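Report on the following structure.
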Amino acid sequence: MTIFPVPASFLTEANSAFAQSILQGLHAPQKTIESKWLYDARGSQLFDTITELHEYYPTRTELSILRRHAPELAGFVTDNTALVELGSGSSTKTRALLNALPGLRSYVPIDISEVHLIAAAEHVADEYSTLDVIPVVGDFTTDVPLPAGLDGTSKILFFPGSTIGNFEIKDAGALLGRMGDIPGVVAFVIGVDLVKDTDTLIRAYDDASGVTAAFNMNLLTRINRELGADFDLAGFKHEARWNTDKSRIEMHLVSLRAQSLAILGETIEFEKGESIHTENSHKYSPGQLAELAAQQGWQADQIWSDTAGLFGVVVLTPK
C-alpha cells in the first residue's frame, strides 16, 4: 500500500481550523458546528456502529443497490483507472465496487480522520493485493491535492452514504462543480437518501439504543479534549428534527439548562432549550439531484434505487 504523504503541518493546521470553526459556529445566532468534525476516531467508530442498526436503513439499502448494479460501471474502467472515494470511512461499500471492477488500477480513499483512514486502507490493501491503495488524509469539502501518480489516470469518483445530504443545497452544488474540475474524471457515483415518511427518518437518526446520541455527544467530548473546553455533557441531549421546509433531518445538541461554556479564553452562553445544530441530512428525489448536477456540468446517466424507493445511487458523467 502506498500512503500519500501527509504534510508535517497537517495536524497543526487541522487543529487550528477546528478551533476557528468551532468558535465561529458557537458565536452564530443559531449555534452550529460543521458536521465534518463529528468524525474523529471515536466518532468514526460510532458511525460504523450506526450503519449496522436496524433503524438505519441507508447503509444496507445502498449496499444492496451497489452489489446489484456496480458491474454496470465496467464500461468506465480501463487498465489505468483509479477509484477515488470521498469521505471513505471504513470503506465497507467500496468493496462492492472493487469486487465488480477487478480491472481498477488504484483505490484512493480520502478522509479527514487519519487513524481511521489508514486502518481501513490497510484492510483493503490486504484484501486486494494487486490494487495500489493510496490513502489521502484531507478534507474533501475543500481542494484536496491528489497524488502526482494519478496524473494521466481516468478517475471514477465515489461518494456513498448520502453524505451529499449533509451539505446545504448551494454547497452541494459547489462540491459537484469542484469535483467536475478534477482532470480525468469519467464518472461520479453518488449515494442519495430519498424523501420518505417522517417516522422512518426520525428513527434512523434517533435510534432506540442511543448510538446516534452518543455519536452526536462525542462532538462535545472532542471539543473538551482538543480545545480545553468545559462542556458539561450532562447538560445536553441529542435531538433529531425533521425540517419540512428544507426537506432535511437536523441533528441538534440541546442545552438542558441555562449555562455558560469556557473555550479558548472565551465564554459562550446557553439558554435553556437552546441548541447547537450539528448536522443536516437533506433528502432528495432522484430528479432533484439530477437537476442540481446538471447545473454544474453533469448529466445523470443512471439512477438506481431499491424496490421500496428508500435510497438512490446516481451515476453522473461530464456533459
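The values are calculated or read from the model by the stated rules, or taken from the named source; none is laboratory data. Computed from a predicted structure; not experimentally measured. Note that we place each Cβ from the backbone using ideal geometry, even for glycine, and neighbour counts take in every protein chain shown. Note: accessible area is taken over every heavy atom of the protein model, side chains too, but ligands, DNA and RNA are not part of it. Shrake-Rupley method; radii C 1.70, N 1.55, O 1.52, S 1.80 Å.
Computed about the Cα centre, the dipole magnitude for the stretch 94-191 is approximately 340 debye when only Lys and Arg (+1) and Asp and Glu (-1) carry charge, each at its Cβ.
In the structure shown, the pairs Lys31/Lys272; Lys196/Lys237; Lys283/Lys319; Lys246/Lys283; Lys31/Lys170; Lys93/Lys196 are assessed against 18 Å; a Cα-Cα span above that value is assigned to Lys196/Lys237; Lys283/Lys319; Lys31/Lys170; Lys93/Lys196. Compactness ratio for the stretch 239-319: Cα radius of gyration over 2.2 N^0.38 Å (N = residue count) comes to 1.66. Between Asp301 and Ala17, the contour length at 0.36 nm per residue exceeds the alpha carbon distance by 98.5 nm. Per the Kirkwood formula applied to alpha carbons, the stretch 20-85 shows a radius of gyration over Rh ratio, Rg over Rh, of 1.17.
Radius of gyration over Kirkwood radius for the stretch 196-271, both on Cα atoms: the Rg/Rh ratio is 1.04.
Applying 0.36 nm per residue to the separation of Gln259 and Ser285 and subtracting their alpha-carbon distance, the gain on full extension is 5.3 nm.
Taking a Cβ cut-off of under 12 Å around Asp207, the surrounding Lys, Arg, Asp and Glu residues balance to a net charge of -2, with basic ones at +1 and acidic ones at -1. Using the Cβ of Val84 as centre and a radius below 15 Å, the other residues enclosed give a net charge of -3, where K and R count +1 and D and E count -1. Take every Cα-Cα pair in the stretch 165-319 and report what % of them are more than 19 Å apart. Roughly 63 percent, once rounded to a whole number. For the pair Ile202 and Lys170, a Förster radius of 30 Å applied to the C-beta separation gives a FRET efficiency near 0.70, rounded to the nearest 0.05.
Across the stretch 186-225, counting alpha-carbon atoms alone, Rg and Dmax equal 15.1, 43 Å. Considering the dipole of the stretch 31-126 built from charges on the beta carbon (Lys and Arg +1, Asp and Glu -1) around the Cα centre, which of Leu104, Leu73, Ile50 is farthest to its positive end? The residue sitting farthest along the positive end of the dipole is Leu73. What number does the chain give for Rg over Rh if you use C-alpha atoms and the Kirkwood radius? Looking at the chain, the ratio lands at 0.96. Considering helices alone, the calculated mean residue ellipticity of the chain at 222 nm is -10500 deg cm²/dmol, with DSSP H runs of length four and up weighted by -39500 (n - 2.57) and normalised per residue. Taking only the C-alpha atoms of the stretch 50-161, Rg followed by Dmax gives 13.7, 43 Å. In a reduced charge model with +1 at each Lys and Arg Cβ and -1 at each Asp and Glu Cβ, the chain shows a dipole moment near 440 debye about its Cα centre.
Could you run the Debye sum over the Cα atoms of the stretch 107-199, one equal point scatterer each and no solvent, and tell me log10 of I(q)/I(0) at q = 0.16, 0.17 Å⁻¹, two decimals? Results for the stretch 107-199 at q = 0.16, 0.17 Å⁻¹ read -0.78, -0.87. Computed from the C-beta positions of Lys246 and Glu127, the FRET efficiency with R₀ = 41 Å rounds to 0.55. For the stretch 233-265, trypsin sites (Lys or Arg not before Pro) meeting the loop criterion (DSSP other than H, G, I, E, B) and having at most 14 other Cβ atoms within 10 Å: Lys246, Arg257.
Summing Cβ point charges (Lys, Arg +1; Asp, Glu -1) relative to the Cα centre of the stretch 202-295 gives a dipole of roughly 260 debye.
Accessible surface for the stretch 171-235, divided over its residues, is 36 Å² per residue with a 1.4 Å probe.
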